[in-house]
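What follows is one structure encoded as structure tokens, with my remarks underneath.
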Amino acid sequence: MYMKSKTWSCAGISLLVTLLSPPRLAAAPAAPFDLAGPRLEVKVIRAGKTLPISQVPNLQVGDQLWLHPDLPENQSIHYLLIPVFLRGSLNPPPDKWFTKVETWRAQVKKDGVSIQVPPGALEALIFWAPETGGGFTTVRTAVRDRPGVFVRAAQDLYAADLTRSRLDAYIAAVRQIAATDPADLKKRSTSLSRTLYLKINQACFDLPTDQQETCLIQNPNNVVLNDAQSQSMVTALTSGAAGDMINQLSVSTAAGGGVYSPYVGAIVDMVRIMGSLHTAQYAYIPAIAVMNADTVDLKLSSPPSFSNPKSVMVSTLPPVASVQFPALRAVHPQEMLCLERPSLVLSVEGAPLVFSTQYAHNLFLRVQDTSGHTLDLPAVADAERGGFVVNASALQAATLSGGVTSQLRGDWGFDSYDGPNFAFTSSHPQHWIFSSGESNAVTAADKVTVHLQGESVVCVQSVNVITPLAHVLKADWKSVPPKMLDVDLPLKKSSEGLYTVGVAEYGQSKSDQVPVHVYLPSAMVTDMTVHAGDTEGEMTGNRLQEVTLVEMGGVDFRPGEIQHHGAEEKLRLIANANAATSAALQAGASLTAHVHLKDGRVLNFPVTIAPSRPRVQLLGKNVTLNAPGTTASIHLGNDNDLPQYGRLTFFLKSMAPTEFPRDEKIEVAAVNGGFDTTLSLSDASLTLQDAQTVLAVLDPAKSFGPSAFGQLRFRPVTGAGVNGDWQPLANLVRLPSLKEVRCPASPLEQCTLMGDNLFLIDSVADSQQFSHSIGVPLGFAGPSMKVPRPNGATLFLKLRDDPSTIDMVSLPVYPEAEQD
């Protein structure tokens, strides 16, 4: 949907009138400044030179102003045009500073009138008053009686005019983009707003394309930001309360919280101050001046009244002040321009009025070499491109030698203007390298971006990619001055082989060649852990069987076994002998691991060396049996077996650090991960023997419960949660409660073993050789079982929790008859 006029382009004014005007006015919605007012042609003559008013940012004493009212031939209302010069709030202007121009007179229509800026003048206003007989005197009396009111009006209206110019430039460009290239509206309007120092509603780009234009240009008061140049020009004209008002409004909640709009000052003052000037004959209404070439078009917020009180329209001319040059500066001061490039863009910032007004004109880029040869190239302001576009084709035929520099020059009003400087460089073959952390080996994907670094990117003309089949494809690319080039490779997930990136530069017959090896997806590294002082590490990822070597900080790591944890793999890395003492592998060091794969490529992965892990040495251990309710003496055949109702004490020596920290703990857990516990000084399960040695006490029944069994391991854990290596500790076994053996009188018959939890026995024999044994079936729950006749009072058994070890048990043996 495209709007045919700018009827809303000052909607911000109407909104601010609603927000900030007195309560009696706020009840009715304020109208936008969209009504066309009268047109006035204005030219300024200074020192024999004439400029249209649109190119004059400031008037000076002695300037000749040529005024020509441009009213319709059938204009029925006779207007008095009254130009007035002001000289401050406390100093009413003399009568001769008021000029009465009867616009309906033939001589005025034909030749216009000329007036001169008098000495002492500071501001200039234009009044359009319907002729009533005595209207000129009425206006003059109003101004002389209250000059401060009109001084403020001149200052605020001028600020509003400057802001209006930025909004109009933005709106016109957005409409043009929407009509010609709507798909690129986001990119181009964002650049445009940055140059004109506006903010835009990013949510507009979430709408359908045909609705984005309307969204972007509605509520323009919300897009105006504080502009240092405009503010400095206005501040130069204001003092005291006027300057304070603008500063306060720039951060007021009603004004949008930091959104700066000089409209606020203009409209609020007009509503409040001019409202107090109403007489029976005249009412004063503000008008925004839109300048184009030598014409001033007035825009009104409400229709003028031709019945008493009749409306007097008030607008401003540029102030009478010294010149305020634009503070233009290069966006990238160190960036150089390319001599061979036929069209240049001088990226600048700091002065949006250069792009929204015609104050800057006759602009050119003066190019000069060390020999003094100069060449002037025309420059055109382009807000969308963020600077000045220079046609540099004349450079191709110029003879320049040595270093080449340039400066933006032109006119700012009547004054010569010297802008920022720019340096030139010549295109030449470059050696492009991949940015830090990247290599020429990439994994195929639908989108792969490589970052190339050269000496300079200003002369890059295009980038293409040559496939392994010699097809030349265009690549999307972006320069990141001064040296970086981002290139999107035109790949697919199935792409592989040697590709070549060709970087073409202006003035060079051959492009720079950058080989890129594209591989099918293979190993993927998601994490890598190496602790300072360790000779091992761990890599996490997928397809890690492709890894052949890892180089990091001068240390080589070879792949070990791979463990699978769901969809993730963990690869053990085994370092060479110098890993533990390597200066590079110190805690906190940031390194790049070069992961070599079977297909020849090398993946780079960032690694931060983890803190040193704690290390302890097992000095010795002792087991005491405490099996309640049994008189049997079971002699375990394996010193590594720990009875469930036993008590394990073991001594540990701290190796790293050399003293055992008081916040360090010992974790004891099943090898299969079924249960664990933590021993610490705080709960008295650890006791320091000295600064380096600690006694640990483990009660497995209390810590793990009645169903725990199997291999136990331990490791130290620092107070910060850094784990040491697991070490074997013991094999936790459960013991049956054995009471006695009953044997019949016949030596050929088996005996009966009495007790509880007999299912914990794997098998029983009468000798250590286990030549004659009886096994305990799975699921056995009885209180007695048949066993071979003991050799005296001794039987041999294997526990279900350690069937590889033969244990000896001594029990009382009774004849069966004695039990009758």
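The values are calculated or read from the model by the stated rules, or taken from the named source; none is laboratory data. Everything numeric here is computed off the predicted structure, so don't read it as measured data. Don't worry about glycine lacking a Cβ; one is built from the backbone with ideal geometry, like all the others, and counts go over all protein chains shown. Calculation scope for accessible area: heavy atoms of the full protein, side chains included, ligands and nucleic acids excluded. Shrake-Rupley method; radii C 1.70, N 1.55, O 1.52, S 1.80 Å.
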With every protein chain kept in place and a 1.4 Å probe, region 534-596 has an accessible area per residue in Å² of 49 Å²
With a ≥ b ≥ c from the Cα gyration tensor eigenvalues, square-rooted, and the rule rounded for a/c under 1.5, otherwise prolate when a/b > b/c and oblate otherwise, region 99-154 is oblate
Taking a crude spin-label model, label points 7 Å out from Cα along the C-beta direction, the ARG105 to ASN391 distance in nm is 4.6 nm
Between SER76 and ASP210, the FRET efficiency computed from the C-beta separation at R0 = 41 Å comes out, to the nearest 0.05, as 0.45
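Enumerate by residue number the chymotrypsin sites (Phe, Trp or Tyr not before Pro) in region 678-747 meeting two conditions: DSSP loop (anything except H, G, I, E, B), and at most 15 other Cβ atoms within 10 Å of the site's Cβ.
Hits after loop and neighbour filter: TRP726.
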Nearest-0.05 FRET efficiency for ASN672 and GLU749 at R0 = 41 Å, using Cβ-Cβ distance, is 0.45
Along the dipole axis of the chain (charges at Cβ: +1 for Lys and Arg, -1 for Asp and Glu; origin at the Cα centre), the most positive-end residue among CYS459, TYR359, GLN211 is TYR359
Note to self, the chain gives a 222 nm [θ] from helices alone (DSSP H runs n ≥ 4, -39500 (n - 2.57) apiece, / all residues, nearest 500) of -4500 deg cm²/dmol
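What length, rounded to one decimal in nm, is gained on full extension from THR449 through to SER401, with 0.36 nm per residue of separation minus their alpha-carbon distance? Don't jump to the answer; show the numbers that get you there.
Working: separation 48, 0.36 × 48 = 17.28 nm, distance 3.83 nm.
Extra length from THR449 to SER401 when fully extended: 13.4 nm.
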Mean shadow area (nm²) of the C-alpha convex hull around region 743-820 is 5.2 nm²
Ranked output for segments 775-782, 154-161, 190-197 by mean other Cβ atoms within 10 Å, highest leading, reads 154-161, 190-197, 775-782
For the GLN711, ASP756 Cβ pair and Förster radius 41 Å, calculated FRET efficiency rounded to 0.05 is 0.95
Rounded to the nearest 10, the angle in degrees between the Cα long axis of helix 185-195 and the longest principal axis of the Cα atoms of the chain comes to 70 degrees
Everything considered on the Cα gyration tensor (a ≥ b ≥ c; rounded for a/c under 1.5, else prolate if a/b is larger than b/c, else oblate), region 460-532 must be described as oblate
Taking protein heavy atoms only, a 1.4 Å probe, and rounding to whole percent, the accessible area of region 504-553 owed to carbon and sulfur comes out at 47 percent
Taking the alpha-carbon centre of each part, the distance from region 714-748 to region 310-382 in Å is 88 Å
For the chain, the longest principal axis of the Cα atoms and the Cα long axis of helix 147-180 enclose an angle in degrees, to the nearest 10, of 60 degrees
In nm, the gap between the two label points placed 7 Å beyond Cα toward Cβ at THR500 and ASP95 is 9.0 nm
Probe 1.4 Å, heavy atoms of protein chains only: per residue, the accessible area of region 693-763 in Å² is 42 Å²
Residue-ordered couplings for region 765-779, obtained by feeding phi - 60° into the Karplus form 6.51 cos²θ - 1.76 cosθ + 1.60 and rounding to whole Hz (Gly and Pro as x), are 9, 9, 9, 5, 6, 6, 6, 10, 10, 10, x, 9, x, 5, x
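Please label the shape of the chain as rounded, prolate or oblate, based on the square roots a ≥ b ≥ c of the eigenvalues of the alpha-carbon gyration tensor (a/c under 1.5 means rounded; beyond that, a/b larger than b/c means prolate, else oblate).
On the way: a/c = 4.08, a/b = 2.60, b/c = 1.57.
Prolate is the answer for the chain, as a/c is 1.5 or above and a/b outweighs b/c.
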Expressed in Å to one decimal, the Kirkwood Rh of region 432-478 from all distinct alpha-carbon pairs is 12.5 Å
For region 326-335, in residue order, the Karplus 3J(HN,Hα) values (coefficients 6.51, -1.76, 1.60; θ = phi - 60°; whole Hz; Gly and Pro = x) are x, 8, 5, 9, 5, 5, 10, x, 8, 6
For ILE288, other-chain or 5+-apart residues with amide H closer than 5 Å (H placed, Pro excluded) are LYS299
Excluding ligands, DNA and RNA, the carbon-plus-sulfur percentage of the accessible area of region 57-172 with a 1.4 Å probe reads 49 percent
Rounded to the nearest 5, the percent of DSSP beta bridges in the chain running antiparallel is 90 percent
antiparallel share of DSSP beta bridges within region 317-435, to nearest 5, in %, is 90 percent
Those trypsin sites (Lys or Arg not before Pro) from region 646-713 that are DSSP loop and have at most 11 other Cβ neighbours within 10 Å turn out to be ARG662
Of the listed pairs LYS739/LYS786; LYS447/LYS474; LYS187/LYS510; LYS186/LYS483, those with alpha carbons more than 20 Å apart are LYS187/LYS510; LYS186/LYS483
Summed over the other residues with a beta carbon less than 13 angstrom from that of VAL320, with K and R at +1 and D and E at -1, the charge totals 0
Those GluC sites (Glu not before Pro) from region 634-717 that are DSSP loop and have at most 16 other Cβ neighbours within 10 Å turn out to be GLU659
Under the 7 Å Cα-to-Cβ spin-label approximation, LYS474 and SER436 lie apart by a distance in nanometres of 3.5 nm
Burial-style ranking of 502-513, 33-44, average other-beta-carbon count within 10 Å with highest first, yields 33-44, 502-513
Checking rank on 365-371, 735-741, with mean other Cβ inside 10 Å and highest first, the result is 735-741, 365-371
Interchain or sequence-distant (5+) residues whose placed amide H lies within less than 5 Å of the amide H of HIS428 are none
